[in-house]
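Enquirer: Mind having a look at this structure? Questions to follow.
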Amino acid sequence: MEKPVTSPERASARTLVGKCQCGAVHYAVADEFVYAANCHCANCRRATGSAFKPFAGIARDKLRITSGADHLMIFGDDDGHDARCQACGSLLYSVVRDGAFVHVAMGTLVDDPAIRPSKHIFVGSKAPWFAITDDLPQYAAHAVAAAPAGGEAV
Ligand SMILES: [Zn+2]
Ligand SMILES: [Zn+2]
């Protein structure tokens, strides 16, 4: 943490702050997200109460709870769960990929991340009342390696 800034990568590294609705839980995450997408699956719709969940993925150790860890409500097991504030219920992030990654619910970020959602996934289970009106690539389920031009795998 105290290393001097010696490379352009270091110089550009930022830390983003995020928090729940009531402010009991705050987290810090490196602005080094590897991918971001809008997920239309039924679980994400129910977890957020919304048409889809914009999320950004990053290695689990790049996110830490800076206050209110004792207010976290975990739904799932250690290697795969949703983490919410137990006071206000905000979905903050999900631990995924056998515990290696977290998917930050982008709506809880206070700061503006460098990344933007680049695709819609699980469009096959999209809410029928919601229309996607942008030009981002759409995938029926997970984005796959055989992505359209400009797409990358999740
Ligand atoms: Zn809260
Ligand atoms: Zn989902």
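The values are calculated or read from the model by the stated rules, or taken from the named source; none is laboratory data. In this text, all values refer to a predicted model and were calculated from it rather than measured experimentally. Cβ atoms come from the backbone with ideal geometry, glycine included; neighbour counts cover every protein chain shown. In case anyone asks, the SASA skips ligands and DNA or RNA and just uses the protein heavy atoms, side chains included. Shrake-Rupley method; radii C 1.70, N 1.55, O 1.52, S 1.80 Å.
Enquirer: Take residues that are of a type in the set (D, E, K, R) and tell me which of the strands (runs of 3 or more DSSP E) falling wholly in segment 68-133 contain 2 or more. Show your work before the answer.
Expert: Details: elements: 72-77, 80-85, 91-96, 101-105.
Here the list reads 80-85.
Enquirer: Can you tell which of G89, G80 is within 16 Å of ligand 1 (Cβ to nearest atom) and either modelled with pLDDT of 95 or more or not small (G, A, S) (or both)? Steps first, answer last, please.
Expert: Working: G80 fails: within 16 Å of ligand 1 (Cβ to nearest atom).
Matching residue, one of G89, G80: G89.
Enquirer: Count, please, the residues in segment 17-43 that happen to be small (G, A, S), within 14 Å of ligand 1 (Cβ to nearest atom) and crowded, with 19+ Cβ neighbours inside 10 Å. Steps first, please.
Expert: Of the residues in segment 17-43, the ones small (G, A, S) are 18, 23-24, 28, 30, 36-37, 42.
Within this subset, residues satisfying the condition of being within 14 Å of ligand 1 (Cβ to nearest atom) are 18, 23-24.
From the residues that got through so far, the ones that are crowded, with 19+ Cβ neighbours inside 10 Å too are 18.
Number of matching residues: 1.
Enquirer: Quick one: is A51 surrounded by fewer than 20 Cβ atoms within 10 Å (Cβ to Cβ), under 22 Å from H120 (Cα atoms) and within 16 Å of ligand 2 (Cβ to nearest atom)? Steps first, please.
Expert: Numbers: surrounded by fewer than 20 Cβ atoms within 10 Å (Cβ to Cβ): yes; under 22 Å from H120 (Cα atoms): yes; within 16 Å of ligand 2 (Cβ to nearest atom): yes.
Spelling it out, A51 is indeed surrounded by fewer than 20 Cβ atoms within 10 Å (Cβ to Cβ), under 22 Å from H120 (Cα atoms) and within 16 Å of ligand 2 (Cβ to nearest atom).
Enquirer: Then there is this: Which ones in segment 124-136 are closer than 22 Å to F33 by Cα and surrounded by 14 or more Cβ atoms within 10 Å (Cβ to Cβ)?
Expert: Answer for segment 124-136, where residues must be closer than 22 Å to F33 by Cα and surrounded by 14 or more Cβ atoms within 10 Å (Cβ to Cβ): just L136.
Enquirer: Does P113 satisfy being away from ligand 2 (no atom under 14 Å from the Cβ) and open to solvent by less than 30 Å² (accessible area, probe 1.4 Å)?
Expert: Details: away from ligand 2 (no atom under 14 Å from the Cβ): yes; open to solvent by less than 30 Å² (accessible area, probe 1.4 Å): yes.
Yes; evaluated as a whole, the condition is true for this residue.
Enquirer: Please go through segment 66-85 and give me each residue that is open to solvent by less than 50 Å² (accessible area, probe 1.4 Å) and either among the hydrophobic types (A, V, I, L, M, F, W, C) or free of Cβ contacts under 8 Å to residues at least 40 places away in the same chain (or both), ordered by number.
Expert: L72, G80, H81, D82, A83, C85, listed by residue number.
Enquirer: Sticking with this structure for a sec: For A105, all conditions in the list (1) surrounded by 17 or more Cβ atoms within 10 Å (Cβ to Cβ); (2) away from ligand 2 (no atom under 16 Å from the Cβ) hold save one; what is the number of the exception?
Expert: Of (1) surrounded by 17 or more Cβ atoms within 10 Å (Cβ to Cβ); (2) away from ligand 2 (no atom under 16 Å from the Cβ), only one is false for A105: (2).
Enquirer: If you check A59, A28, A37, which single one turns out to be more than 13 Å from ligand 2 (Cβ to nearest atom), at pLDDT 95 or above, under 12 Å from the mean Cα position of the chain (by Cα) and of a type in the set (G, A, S)?
Expert: When all the criteria are applied, what remains is A59.
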